[in-house]
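Colleague: Quick one: the structure is below, and I'll ask about it shortly.
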Amino acid sequence: MNRAAPAGERPPGAIPPSVAVTGAVSLLLVAVLAAPLLDHPGFRAWQTVCVALTVQALPFLLFGTVVSGAVNAFVPARVFSRVLPRNPALAVPVAGAAGVVLPGCECASVPVAGSLIRRGVTPAAAFAFLLSAPAVNPVVLVSTAVAFPGQPAMVAARLVASLATAATMGWLWLKWGRAEWLRMPARHTGHRAGHSRWEEFRTGFQHDFLHAGGFLVVGAMAAACFNVLVPRSVLDVFADSPWLSVLFLAALAVVLAVCSEADAFVAASLTGFSPTARLTFMVVGPMVDVKLIALQAGTFGRAFAVRFSAATAVVAVAAACLTGWWLL
């Protein structure tokens, strides 16, 4: 039987009145001091970019987590062993080519890749799929053709460079990747006795969506900061140098974090840069950007995200330059 707290004694867990009053006053002071900043054009621009990036990516994140939950709950593990070659080295390019069938951006590919690994797919093949899916799916290729009318070579170059990057990274992980770099969420996979598959789908979807959504918002905030703080005149400084323009647009793709379905239109607008530099922007962006790094860190761990993202950026730039020299 519960005993009433004696007079003057606070119930366990109760917040002292002094702390509550101090907190309320502090929040009020912050609101008063920050009020002028809320009307500042710079803050409004930051807010617009941040919300736009989040809203743009959220449907694809939702799609990816739905696929991830469905794969976890409804698809038997033996399906993947039958579809992919037994040889991991051959499974990598097959998984990379399979990215063509997923109409989503990088936000969708991360939870799906995590689900594939939990279902027994070799990490090298899952990572090849993670990189290729947002870069070579039909929606992206069509948007690239629309953004660069009359330039089919640009579409072909994007396809070749992206597939080459995805396969190369898969093989590199197969050769030098370490299990201790990869941290997977501790969550049961597969069907459990006494639980319906729809219940497992709901649980898996809820976990992946809430887990990845927070990191998506962090990445969008970082990209918005760059958009607001870096003046547009800086773009013109690098456009005249062939090598600097490639490196600059690669870095720009990382921090802008434009969704892969829309990045071709951004690249097409950068008319002062060479075709190879604009190709680099489209190859690097879907594979390495601030929100993708954040999503990878949240799903696979920071040790993996730092190493994998850095290596992917180098390989993607090299593949884009070689492909641009060959086709453009």
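Colleague: What distance in nm separates the simple spin-label points at Leu229 and Ala70, each placed 7 Å from Cα in the Cβ direction?
Modeller: 4.0
Colleague: Sorted by mean Cβ packing within 10 Å, highest first, what order do the peptides 272-285, 83-96, 221-234 take?
Modeller: 272-285, 83-96, 221-234
Colleague: Express in % the proportion of alpha carbon pairs of region 252-328 at distances exceeding 18 Å.
Modeller: For region 252-328, the share of Cα pairs beyond 18 Å comes to 42 percent.
Colleague: Sort 152-163, 109-120 by packing, meaning the average of other beta carbons within 10 Å per residue, with the highest value first.
Modeller: Result, highest mean first: 109-120, 152-163.
Colleague: Give me the mean projected area, in nm² to one decimal, of the convex hull enclosing the Cα positions of region 127-177.
Modeller: 3.2
Colleague: Kindly state, to the nearest 0.05, the FRET efficiency for Phe43 paired with Ala145, given R0 = 30 Å and r defined as their beta-carbon distance.
Modeller: Efficiency, rounded to the nearest 0.05: 0.20.
Colleague: Given just the C-alpha atoms of region 240-279, how large is their convex hull per residue in cubic angstrom?
Modeller: Output value, Cα hull per residue: 55 Å³.
Colleague: Now for a different question. Averaged across orientations, what area in nm² does the convex hull of the alpha carbons in region 201-260 project?
Modeller: 5.2
Read the figures in this text as sums done on the coordinates, not as results from a lab. Note that the coordinates shown come from a computational prediction; the quantities given were computed from them, not determined experimentally. So basically every Cβ, Gly included, is an ideal-geometry build from the backbone, and we count neighbours across all protein chains shown.
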